[in-house]
Structures are given as structure tokens and as C-alpha cells.
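The values are calculated or read from the model by the stated rules, or taken from the named source; none is laboratory data. Model, not experiment: these values are computed from the prediction. Cβ: placed from backbone, ideal geometry, glycine included. Neighbour counts: every protein chain shown.
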Amino acid sequence: MRVHADAEEWIRWRADVTGPIETESEKPWGLVLRVPTSEGTFFYKQPAAEYAHEARVIKQLGRRRPQAVPELVAWDESGRMLMQDAGEQLSAVLDRHRDLRYWEAALPVYAELQLAVAPDADQLLAAGALDRRLALVPDLCHSYIGHATLVSEVTQVCNRLRALGIPETIQNDDLTSANVFLRSGRYRFIDWGFSCVSHPFFTFAVTQRAIERRFSLPPRSREIARVRDAYLEPFASLARRSDLEDMIEPARRIGQICRVALRAESRWKDEQGDLSGTVKLLLDPDAWRAGVP
């Protein structure tokens, strides 16, 4: 496949390759290769054209929290990246140790990253992060769903979130255990191609669902309450804890609009199921329990 040949040539100009370059993952939205080098294992990523901004976003995040994002060895404006090994994927860790405490440790680190880069929201947008700020979310709902009652509800929730006083910032929008890595006790968050500038709590539209699936948790479980508490702790200096707790569930629900917009706007939208399933998760965040993807 020519793209692999081009990738290998690009890599060999930038690293001392010591063995066969192997395909780690190949999806419509990106190619990932494992690269053995004299400096250890690197990973090469070549995103689809619409996600070429990922490297720029990572560089921007790294200015504030380099220890929380991938370490870039090389990158270019087409989006190609060569990255240091970030450690072990949290999915693999959880396969061995099915313990929710890993998420309780990881999420405050992610929240601290969100708070640290909040002053850089404009720069993140300029770098290419998708624009899902609160002011735009009702219009996104109207454009992609068009249900007047729902748009009214979304507008009200956005107003309440704005009144909370938590700054809009980076939101990974795909924060699952596949995109969290652990090395020497430190967590790194990778795969920022779907990321957006939005309300930080919108993260939970994806993350809570992923945790509930992994741990087979029922609705409104004590375990999810613990995870939410851990995530909210870094925000406690900005708003009353009771107000934070009141708003994370409404935010989780309408945060799914980010996923609806992502799916509707993507060339590969049919690769992960139909758009209707994504919309159902907005109308009912627990619809996945009945088999909705």
C-alpha cells in the first residue's frame, strides 16, 4: 500500500529505525505504525485529512502540560506525527486489574489539563480543535436534530452551564480507556483528533458510558458517583461543589451533541454505525444498554 511506503520514508528521515515497522491500527480516520528505533519504540500516526490539526493541538496542550499528552519526536503540517511510547494502554491495565481506582486517579489529571489550557481556548481553535462552545451548541442541535423542544432544553442547559462560571476549554470527546496511557505512575491522554473547545463536562458524554460498559455498572451507581467526584475535585475552587454536582449530569446528556455533530460532519460517518444511534444517545444517554452503539 503506497501510503505505508510514504510513511516509512518519512519515518526513516526522522528516526534511526532498527527493525520492521509494523501496522498497529488502520482505520478510515487514521493509520498508526509501531516503529522500533535506537531510542526505543516510537509510534507514527497519519490522520485523515480532516484531523490533520491533531499535532498542532497536541503541541498547544504540551505548552502547559507536556507530561499529560504524547511526546512528539517529529510532526508536520499534514498531520503526520512520530511519538514516544506513552506507556501501557489503560484498557490493557484494566484487563488485568479491573479496578475503578485507575479512572479515579486519571480523571483529576485530565481535569487539571483542561483547566490549565483554558486560557488558550482561542489558540486551540486556531490550531484546529473543533468549535463546540456553548454559544453554538443550540444551533448544532437545531441543524442536526431540529426538535424544537429539545433545542429549548439544550439552550436552558447551556445557559446554566455558562452561569456556573467554569471556562470552556479542550474536550477530548473520545476519552475512553483506549486513549488513556499509564507509565511510571503517570497518565497521558492521546488521540486528540476529535477534540473540541467546549464545556469541559461534555467529556462525560463518552467517558461515563465507556466506564459503565467496562465495569457493567447500573444507572446512577455509587461507582459513577465516585468517578464524578474525583473528576470534579479540581473544579471545586471555581464553583460550589453542590452546583458542580447538579450540572454534570445535564452536561453529560447534551454533550452528546458534540458526537452527533462529529458523526454528521465526517466522511467516515458510516464506518461506526448510523447517525441515528448517536442521536438516540442524546435523547437517552442510557440507550446503549438496549444495544444502541
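Determine if the range 148-164 includes at least one residue that is closer than 26 Å to A48 by Cα and of a type in the set (S, T, Y).
No, the conditions are met nowhere in the range 148-164.
If A92 satisfies all but one of (1) surrounded by 18 or more Cβ atoms within 10 Å (Cβ to Cβ); (2) among the aliphatic types (A, V, I, L, M); (3) assigned to a helix (DSSP H, G or I), what's the number of the condition it fails?
(1)
Going by the conditions given, is Y187 under 14 Å from A111 (Cα atoms), touching a residue at least 24 places away in the same chain (Cβ under 8 Å) and not in a helix (DSSP H, G or I)?
So Y187 passes the test.
Could you tell me whether the range 267-274 includes any residue that is under 28 Å from Q156 (Cβ atoms) and surrounded by 15 or more Cβ atoms within 10 Å (Cβ to Cβ)?
No: the range 267-274 contains no residue that is under 28 Å from Q156 (Cβ atoms) and surrounded by 15 or more Cβ atoms within 10 Å (Cβ to Cβ).
Quick one: is E26 surrounded by fewer than 16 Cβ atoms within 10 Å (Cβ to Cβ), outside any loop (DSSP other than H, G, I, E, B) and out of contact with any strand residue (DSSP E or B) (no Cβ under 7 Å at 6 or more places or on another chain)?
Judged against the criteria, E26 is a match.
Quick check: anything in the range 46-69 assigned to a strand (DSSP E or B) and over 15 Å from W192 (Cα atoms)?
no
Answer yes or no: is there a residue in the range 154-166 that is farther than 30 Å from A236 by Cβ, touching a residue at least 24 places away in the same chain (Cβ under 8 Å) and either in a helix (DSSP H, G or I) or outside the structural domain of E249 (by TED's automatic domain parsing) (or both).
Within the range 154-166, none of the residues are farther than 30 Å from A236 by Cβ, touching a residue at least 24 places away in the same chain (Cβ under 8 Å) and either in a helix (DSSP H, G or I) or outside the structural domain of E249 (by TED's automatic domain parsing) (or both).
State the number of residues belonging to the range 100-132 that are over 15 Å from F235 (Cα atoms) and of a type in the set (F, W, Y).
Result for the range 100-132: 2.
Determine which member of the set A236, A225, A210 is closer than 27 Å to P119 by Cβ and not β-branched (V, I, T).
A236
For every residue, the table says whether it meets (1) aromatic (F, W, Y); (2) surrounded by fewer than 20 Cβ atoms within 10 Å (Cβ to Cβ); (3) in contact with a strand residue (DSSP E or B) (Cβ under 8 Å, 6 or more places away or on another chain).
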position: A126; (1), (2), (3): no, yes, no
position: V151; (1), (2), (3): no, yes, no
position: T155; (1), (2), (3): no, yes, no
position: A163; (1), (2), (3): no, yes, no
position: D173; (1), (2), (3): no, no, yes
position: N179; (1), (2), (3): no, no, yes
position: G185; (1), (2), (3): no, yes, no
position: F201; (1), (2), (3): yes, no, no
position: A205; (1), (2), (3): no, no, no
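What number of residues in the range 116-135 are closer than 15 Å to F201 by Cβ and in contact with a helix residue (DSSP H, G or I) (Cβ under 6 Å, 6 or more places away or on another chain)?
2
How do the pairs read when you match residues in the range 6-27 that are within 14 Å of F43 (Cβ to Cβ) with residues anywhere that are in a strand (DSSP E or B) and among the polar types (S, T, N, Q), using Cβ under 8 Å and keeping only pairs 6 or more apart or on different chains?
Filtered contacts from the range 6-27: A7/Q46; A15/T37; V17/T37.
Hey, among L130, L136, L150, L125, which residue is in the same structural domain as Q256 (by TED's automatic domain parsing), of a type in the set (A, V, I, L, M, F, W, C) and in contact with a Ser or Thr (Cβ under 8 Å, 6 or more places away or on another chain)?
L130
Tell me, yes or no, whether the range 129-136 has at least one residue that is over 20 Å from the mean Cα position of the chain (by Cα) and buried (at least 18 other Cβ atoms within 10 Å of the Cβ).
no
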